[in-house]
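*Asks:* Mind having a look at this structure? Questions to follow.
The values are calculated or read from the model by the stated rules, or taken from the named source; none is laboratory data. Just so you know, these numbers come straight off a predicted model, no measurement behind them. FYI the Cβ positions are ideal-geometry reconstructions off the backbone, even for glycines, and counts take in every protein chain you see.
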Amino acid sequence: MSSATRRDWLLSDQPASRRQARLGQAYRTWLAFRSNWLAMVGLGIVVLLILVALLANLIAPHDPLLGGDLRTERFLPPLSEGHLLGTDDLSRDIFSRIVHGSRLTLMVVVLVAVIATPIGLLVGTTAGYFGGWVDTVLMRVTDIFLAFPRLILALAFVAALGPGIENAIIAIAITSWPPYARLARAETLTIRDSDFINAARLQGASSARILWGHVTPLCLSSVIIRVTLDMAGIILTAAGLGFLGLGAQPPQPEWGAMIASGRRFLIDQWWVATMPGIAIFIVSLGFNLLGDGLRDVLDPKARK
């Protein structure tokens with residue numbers, strides 16, 4: 001099948017099968033997404049982050065944990081020979097530490113999304129579908145979490161669990177699910193009395209099957225958009241915990257911890273704290289641009 005024939009097959013107004021209809025819808029979504037150049041920039045940044053994290057051992061020219069000679073390689077400025085972004089107070093290559101730090105950043109983002117998204121979907125769809133006292137109890141618990149700023153609540157959980165990247169991930173995940181629950185509940189309220197839901201009930205489908213087989217897939221696109229837009233906040237929260245010494249512990253190359261260690265030398269050796277700060281800014285911007293692009297193509301309310 002030639003490319004032109006394949007394109008016509010995907011864009012057909014009369015698909016011959018469910019598979020063709022699904023592939024055609026996915027292709028139309030991709031075409032709409034591709035037309036937004038800012039979204040493509042965001043996608044490029046996110047893909048670059050993933051590649052850098054996967055190939056960190058090949059990209060980084062130096063060991064991120066071991067420094068060089070403290071007499072001759074301490075506080076080397078950017079573009080020094082062998083050190084693209086300079087070195088820190090322990091003669092460690094900043095570029096190598098940023099590259100390996102991308103692994104920690106990506107791990108935090110992925111694990112928080114994997115933990116928080118199902119919790120938010122479960123709570124929100126259950127509350128919206130059953131209503132009554134179930135809705136009241138679940139939403140009041142959600143409101144309690146939403147009453148506190150995310151970073152403050154994460155600080156409280158990390159202080160209780162103890163410092164460390166694993167506990168930081170758990171704390172961020174615990175504080176990230178409430179917005180997803182509210183969004184899933186709102187979506188569920190609009191579709192729980194739809195004709196196809198009533199038809200499923202008449203056919204004898206259980207509540208669990210209706211929730212996970214019919215309601216949750218319809219809520220998923222809105223939640224995915226919100227999760228993508230929240231990635232920047234998750235990265236900043238993780239960096240904030242690292243900056244305060246409650247996230248990844250030294251000598252791990254975590255971007256927030258790198259800023260914390262470099263803030264003492266900000267006047268004379270500005271690059272020590274500035275370079276990881278730029279990395280946080282670029283990655284956060286990439287996720288925001290990607291989330292905006294996904295919202296434009298996946299959110300039915302945003303379509304013209």
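*Asks:* What residue, of Ala26, Ala21, Ala32, is in contact with an Asp or Glu (Cβ under 8 Å, 6 or more places away or on another chain), of a type in the set (A, V, I, L, M), part of a helix (DSSP H, G or I) and under 26 Å from Leu298 (Cα atoms)?
*Replies:* Details: Ala26 fails: in contact with an Asp or Glu (Cβ under 8 Å, 6 or more places away or on another chain); Ala21 fails: in contact with an Asp or Glu (Cβ under 8 Å, 6 or more places away or on another chain).
Answer to the selection: Ala32.
*Asks:* Against the conditions (1) loosely packed, with under 12 Cβ neighbours inside 10 Å; (2) within 18 Å of Pro253 (Cα to Cα), where does Arg71 fall short? Just the number, please.
*Replies:* (2)
*Asks:* In this structure, is Ala238 among the aliphatic types (A, V, I, L, M), over 30 Å from Phe33 (Cα atoms) and part of a helix (DSSP H, G or I)?
*Replies:* Judged against the criteria, Ala238 is not a match.
*Asks:* A follow-up question, please. Exactly one of these conditions fails for Phe265: (1) touching a residue at least 60 places away in the same chain (Cβ under 8 Å); (2) surrounded by 20 or more Cβ atoms within 10 Å (Cβ to Cβ). Give me its number.
*Replies:* Result: Phe265 fails condition (2) only.
*Asks:* Output the residue which, of all residues in the range 88-113 that are charged (D, E, K, R) and outside any helix (DSSP H, G or I), is surrounded by the fewest Cβ atoms within 10 Å (Cβ to Cβ).
*Replies:* Initially, the range 88-113 is screened for residues charged (D, E, K, R), giving 88-89, 92-93, 97, 103.
If we keep only those that are outside any helix (DSSP H, G or I) as well, we get 88-89, 92-93.
On the way: Asp88: 24, Asp89: 15, Arg92: 23, Asp93: 26.
Applying the filter and picking the extreme gives Asp89.
*Asks:* Can you tell me which of Ala116, Ala154, Ala127, Ala160 is crowded, with 21+ Cβ neighbours inside 10 Å, aliphatic (A, V, I, L, M) and modelled with pLDDT under 90? Spell out the reasoning first.
*Replies:* Numbers: Ala116 fails: modelled with pLDDT under 90; Ala127 fails: modelled with pLDDT under 90; Ala160 fails: crowded, with 21+ Cβ neighbours inside 10 Å.
That would be Ala154, the only listed residue that is crowded, with 21+ Cβ neighbours inside 10 Å, aliphatic (A, V, I, L, M) and modelled with pLDDT under 90.
*Asks:* To continue, here is another question. Restricting the first residue to the range 228-242 and requiring it to be touching a residue at least 12 places away in the same chain (Cβ under 8 Å), which pairs with a second residue that is of a type in the set (Asp, Glu) and surrounded by 24 or more Cβ atoms within 10 Å (Cβ to Cβ) meet a Cβ separation below 8 Å and a spacing of at least six or different chains?
*Replies:* Here the result reads Ala238/Glu254; Ala239/Glu254; Gly242/Glu254, each pair linking the range 228-242 to a residue that is of a type in the set (Asp, Glu) and surrounded by 24 or more Cβ atoms within 10 Å (Cβ to Cβ).
*Asks:* Let me ask something else about it. Give Ala127, Ala181 a once-over and let me know the one that is in contact (Cβ under 8 Å) with a residue 40 or more places away in the chain, out of contact with any Asp or Glu (no Cβ under 8 Å at 6 or more places or on another chain) and assigned to a helix (DSSP H, G or I). Steps first, answer last, please.
*Replies:* Details: Ala127 fails: out of contact with any Asp or Glu (no Cβ under 8 Å at 6 or more places or on another chain).
Among Ala127, Ala181, only Ala181 is in contact (Cβ under 8 Å) with a residue 40 or more places away in the chain, out of contact with any Asp or Glu (no Cβ under 8 Å at 6 or more places or on another chain) and assigned to a helix (DSSP H, G or I).
*Asks:* Being out of contact with any Asp or Glu (no Cβ under 8 Å at 6 or more places or on another chain) and of a type outside the set (A, V, I, L, M, F, W, C) is the filter; apply it to the range 35-60 and report the residue that is farthest from Ile278 (Cα to Cα). Walk me through how you get there before you give the answer.
*Replies:* Within the range 35-60, the first condition is being out of contact with any Asp or Glu (no Cβ under 8 Å at 6 or more places or on another chain), and the residues that meet it are 35, 37, 40-41, 43-59.
Still in the list and also of a type outside the set (A, V, I, L, M, F, W, C): 35, 44, 57.
Details: Ser35: 27, Gly44: 17, Asn57: 21 Å.
Taking the candidates together, the pick is Ser35.
*Asks:* Quick check, is Leu55 more than 30 Å from Asp230 (Cβ to Cβ) and out of contact with any Pro (no Cβ under 8 Å at 6 or more places or on another chain)?
*Replies:* No; evaluated as a whole, the condition is false for this residue.
*Asks:* Pick out the one residue from Thr175, Thr142, Thr188 that is under 30 Å from Gly242 (Cβ atoms), of a type outside the set (Lys, Arg), over 20 Å from the mean Cα position of the chain (by Cα) and part of a helix (DSSP H, G or I).
*Replies:* The unique qualifying residue is Thr142.
*Asks:* On to the next question. How many residues does the range 130-139 hold that are surrounded by fewer than 16 Cβ atoms within 10 Å (Cβ to Cβ) and either touching a strand residue (DSSP E or B) at 6+ places or on another chain (Cβ under 8 Å) or part of a helix (DSSP H, G or I) (or both)?
*Replies:* Narrowing the range 130-139 to residues surrounded by fewer than 16 Cβ atoms within 10 Å (Cβ to Cβ): 130-134, 136-137.
Now narrow it down to the ones that are either touching a strand residue (DSSP E or B) at 6+ places or on another chain (Cβ under 8 Å) or part of a helix (DSSP H, G or I) (or both): 130, 132-134, 136-137.
Selection size over the range 130-139: 6.
*Asks:* For residues that are exposed (fewer than 12 other Cβ atoms within 10 Å of the Cβ) and either in contact with a strand residue (DSSP E or B) (Cβ under 6 Å, 6 or more places away or on another chain) or polar (S, T, N, Q) (or both), scanning just the range 199-216, find the one that is nearest to Leu122 (Cα to Cα).
*Replies:* The extreme case among them is Ser206.
*Asks:* What residue, of Ile224, Ile197, Ile280, Ile267, is of a type in the set (Val, Ile, Thr), over 30 Å from Asp135 (Cβ atoms) and assigned to a helix (DSSP H, G or I)? So that I can check it myself, show each step before the final result.
*Replies:* Values: Ile224 fails: over 30 Å from Asp135 (Cβ atoms); Ile197 fails: over 30 Å from Asp135 (Cβ atoms); Ile267 fails: assigned to a helix (DSSP H, G or I).
Of Ile224, Ile197, Ile280, Ile267, the one residue that is of a type in the set (Val, Ile, Thr), over 30 Å from Asp135 (Cβ atoms) and assigned to a helix (DSSP H, G or I) is Ile280.
*Asks:* Separate question: If you check Ala171 against the conditions, is it of a type in the set (A, V, I, L, M) and either closer than 21 Å to Ala239 by Cβ or buried (at least 17 other Cβ atoms within 10 Å of the Cβ) (or both)? Spell out the reasoning first.
*Replies:* Working: of a type in the set (A, V, I, L, M): yes; either closer than 21 Å to Ala239 by Cβ or buried (at least 17 other Cβ atoms within 10 Å of the Cβ) (or both): yes.
Here the answer is yes, as Ala171 does meet what is asked.
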